[in-house]
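Just below is one structure, and these are the notes that go with it.
The values are calculated or read from the model by the stated rules, or taken from the named source; none is laboratory data. Just so we're clear, the structure is a prediction, and the values are computed from it rather than from any experiment. Glycine gets a Cβ as well: all are built from the backbone with ideal geometry, and neighbour counts include every protein chain shown.
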Amino acid sequence: MLIPYTVKPREDTGMYNAKLGIWLFLASEVMLFGGLFSAYVILRVGAGDAWPVGASILNVPIGAFNTLLLITSSLTMVFSWIALKQKNLDKFKRNMGITILLALAFLVIKGFEYNAKFSHQMFPSKSTFLAIYFTLTGLHALHIIGGIIVNAYFWGPGRKMWYSDPERFTNRIEIAGLYWHFVDLVWIFLFPVLYLL
Amino acid sequence: MKLKRLISPSAVLPKKINQGIIHMSKNHDAELGFWRKYVFSTDHKVIGIQYGLTALCFLLFGFALILVMRWQLAFPGEPIPWLGKLLGEGRAAGGVMLPEFYNELGAMHGTIMVFLGVVPLVVGAFGNIVMPLQIGAPDMAFPKLNMASYWVFLLGGITMIFSFFMPGGAASSGWTSYPPLANLATVGQTVWILGMVFLITSSLLGAINVIVTIFQLRAEGMTFMRLPFFVWSQLVTAFLLVLAFPPLEAAGILQLLDRVIGTSFFMPSGLVVSGEPLDISGGGSVLLWQHLFWFLGHPEVYVMILPGMGIVAEILANNTRKPLWGYRTMVYSIVFLGFVSFIVWAHHMFLTGMGTALSGFFQATTMIISVPSVIILTAFCISLWGGSIRFNTPMLFALAFIPMFAIGGLTGLPLGIAMTDIYLHDTYYVIGHFHYVVAPSLIFAIFGGIYYWFPKFTGRKLNEFLGKLHFWPSLFFMNCVFMPMFAQGLAGMSRRLYDGGETYAFLEPVIALNKMISYSAWALAAVQVIFIINFLWSLFQGEKVTSDNPWDSTTLEWQTPTPPPHGNFLTLPVVCRGPYEYSVPGASKDYSPQNEK
């Protein structure tokens, strides 16, 4: 079944269907993380002085390095989209590849961080701070994994569409990019809230 | 500027593309086998019908739960007649319902009715089937997501039902699942959370689809102010679903972690259960759950009632044969309702001791939100004025909606004011109030919608005589069930009493009402058999409709073949007028379809 406005934007709304769809999805994601951030605020306010300073438990330099990785991956994600706009598939493959690698590096570092906590018996059941830390970063890591799967698909088998419908493929990368920037943005909130404040 | 462009009638749908779709779909349709056409279909009408039939089954199941529960309330401690043995010793020892099972029934009745019955009916079924037709779209914007939405919903529903067979039974902490009770409950509560995650995912997929479809796939000339009111109600509802459900998902995740890996999000320090201090880190907040839950919970009320208002608006305009009074006002009201519904949630929490400042704020917003509801209801009443009303079955249900919703809404005011709510909180008064909103009004709107749109998709009308035989006793017994609850609640009867309040001396004057309510509820169930018979009989033997537009309606869903093919419209509709142009002076007939030049 062919649906209108899957490739070209509709004139009066200025958007193609999937773009409006992803914005709405991101709105719901904002509410999901918003709910968890509110939980953080309520728990922290309730705890008063008993709440630990993030830096006393978490490793700030590692967190900062991870932030850098994600910001760079956002940049290469945009580059890969621009490459398609320039009709340069090789440049797209290169940039998308770097994006995926950076995301994987982020996860590996996060894994080491988690492992260091677990080896010191710091489990989510030990304190409310650790509980909200693992919940927020864990849910964020799941989003990263989702993003890697989607990006890897477009880098690999999904690339076929470039030869049959290049415009639609470019749109798909734009959509994936919007999601990736959102995941990046969530981390940019998570890092100061959990590590620094 | 942008807004102006959005509502200007220059919405151009390329003709070639659209006609291409029709040809394609016709060839395509013939190739599809049985499974792709009726089971794993991407056609919005088939998915909508799947939603509708599944949700009606869940609705019946949820209703059955309360029918069993009403036995215990009317005859506490007496063995349930033939069903008692079937339930087994774990649920009803010697045929007498156990308190644990009573709690399961209560929690699951609420969950099933709201999340598996009513919302899938008004959004998944009516929204899916009627909305794309009314805006002149060939299908939903994302047909595959639409299909996924149904199957995830079904999975969630099966998970919920399955939880009855878990050790310790289904969730039993009320449909609101307040911690710490829910944190300590049996494993059924975990299954409940998993089921909710499926249902939230499903409604998210559905709601995004609805919004994109309404924004992107309107036919040429279908401006926002020419949208039928039902479409507006779907649009606002979809926004509520997209924005209000995720915080409940967040709450569900936190409760899942509390239960499974032993975090303390909702567990305060120093909690002692059965004399034993719990081995937890503590530091959590029980109110956190209530805030997150009711942040969904209150918009959810509007998710249910707004599409109901939409259905009623369609039926009223059609059967009064005159335009809806104050269409624009109604549209502004429903949009305003959508916004304000996000800032009233804590009126469910006046009794938690959250403080007078917060109570004052939420009390004020609650009073404000009653204004647009009253505007819409008043517009309905004025719409009736001077119309030559056709009293057919859909119209009877729509007419009954007005007073029933008025009772439900007005009895809500004392609950929205902190001072009176402190007395009425958690009594049968609350039960009576919200059931008036969802049962006699919303379910009547759903029945009205079924009677109204049935001919479009089957080519046959539901039987009028059986319809009236269904309507009048339903109206009577609905009131017999819920009206006495106000009296019981005012007398102070708590909503969670396993024995129906037998042990409280001060409930003596209202205790006999328990029996009356139960008898009425069972009679109400018996009356629904007439509907089931009518539905099945009319499907095969009902009076055939002679035209594609049997009710002489103006909106686009009737300007298609019966039933509409995959792709909906044979020729591209071009909209030239508003949705309710009935009895236009000087016109040759008393209705002017939206696509008529």
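Of the residues B:Thr159, B:Thr190, B:Thr176, the single one that is touching a residue at least 24 places away in the same chain (Cβ under 8 Å), among the polar types (S, T, N, Q) and in a loop (DSSP other than H, G, I, E, B) is B:Thr176. Scanning region B:565-597 for residues that are more than 22 Å from B:Ile129 (Cβ to Cβ) and in contact (Cβ under 8 Å) with a residue 60 or more places away in the chain, we see that the one that is surrounded by the most Cβ atoms within 10 Å (Cβ to Cβ) is B:Tyr582.
Applying the condition of being facing chain A (nearest Cβ under 9 Å) and part of a loop (DSSP other than H, G, I, E, B) to region B:236-266 and asking which residue is nearest to the chain's Cα centre (by Cα) yields B:Phe265. Residues that are in contact (Cβ under 8 Å) with a residue 24 or more places away in the chain and within 30 Å of A:Ser38 (Cβ to Cβ) number at least 2 in the following helices (runs of 4 or more DSSP H) confined to region A:58-173: A:60-85, A:89-119, A:128-155. Among the candidates A:Glu29, A:Glu11, the residue that is within 20 Å of the chain's Cα centre (by Cα) and among the acidic types (Asp, Glu) is uniquely A:Glu29. All conditions in (1) assigned to a helix (DSSP H, G or I); (2) farther than 22 Å from B:Ala55 by Cα; (3) not acidic (Asp, Glu) hold for B:Gly169, with the sole exception of (1).
Checked against the criteria, B:Ser333 counts as among the small types (Gly, Ala, Ser), at pLDDT 95 or above and either surrounded by 21 or more Cβ atoms within 10 Å (Cβ to Cβ) or out of contact with any His (no Cβ under 9 Å at 6 or more places or on another chain) (or both).
Of all the listed residues (B:Phe465, B:Phe486, B:Phe476), the sole one being closer than 30 Å to B:Gln559 by Cα and in a helix (DSSP H, G or I) is B:Phe465.
Restricting attention to region A:34-46, does a residue exist that is in contact with a Phe, Trp or Tyr (Cβ under 8 Å, 6 or more places away or on another chain), surrounded by 15 or more Cβ atoms within 10 Å (Cβ to Cβ), within 14 Å of chain B (Cβ to nearest Cβ) and among the small types (Gly, Ala, Ser)? There is at least one residue in region A:34-46 that is in contact with a Phe, Trp or Tyr (Cβ under 8 Å, 6 or more places away or on another chain), surrounded by 15 or more Cβ atoms within 10 Å (Cβ to Cβ), within 14 Å of chain B (Cβ to nearest Cβ) and among the small types (Gly, Ala, Ser). Do we have any residue at all in region B:442-463 that's of a type outside the set (A, V, I, L, M, F, W, C), surrounded by fewer than 17 Cβ atoms within 10 Å (Cβ to Cβ) and touching a helix residue (DSSP H, G or I) at 6+ places or on another chain (Cβ under 7 Å)? Taking every residue of region B:442-463 in turn, none turns out to be of a type outside the set (A, V, I, L, M, F, W, C), surrounded by fewer than 17 Cβ atoms within 10 Å (Cβ to Cβ) and touching a helix residue (DSSP H, G or I) at 6+ places or on another chain (Cβ under 7 Å). Cβ separations smaller than 8 Å between residues 6+ apart or across chains give the following pairs from region B:275-302 residues that are within 9 Å of another protein chain (Cβ to nearest Cβ) and in a helix (DSSP H, G or I) to residues that are polar (S, T, N, Q) and surrounded by fewer than 23 Cβ atoms within 10 Å (Cβ to Cβ): B:Leu287/B:Thr352; B:His291/A:Ser38; B:Leu292/A:Ser38.
With the condition kept exactly as written, say whether any residue in region B:517-526 is at pLDDT 95 or above and over 15 Å from B:Trp71 (Cα atoms). I'd like the intermediate steps shown before the answer.
First, pick out the residues of region B:517-526 that are at pLDDT 95 or above: B:517-526.
Now restrict to residues that are over 15 Å from B:Trp71 (Cα atoms): B:526.
Scanning region B:517-526, I find at least one residue that is at pLDDT 95 or above and over 15 Å from B:Trp71 (Cα atoms), so the answer is yes.
Does B:Tyr51 satisfy being away from every other protein chain (no Cβ under 14 Å), under 24 Å from B:Pro132 (Cβ atoms) and modelled with pLDDT under 95? When the stated conditions are applied, B:Tyr51 does not pass them.
Among the residues here, A:Ala18 qualifies as in contact with a Ser or Thr (Cβ under 8 Å, 6 or more places away or on another chain), in a helix (DSSP H, G or I), facing another protein chain (nearest Cβ under 9 Å) and touching a residue at least 60 places away in the same chain (Cβ under 8 Å).
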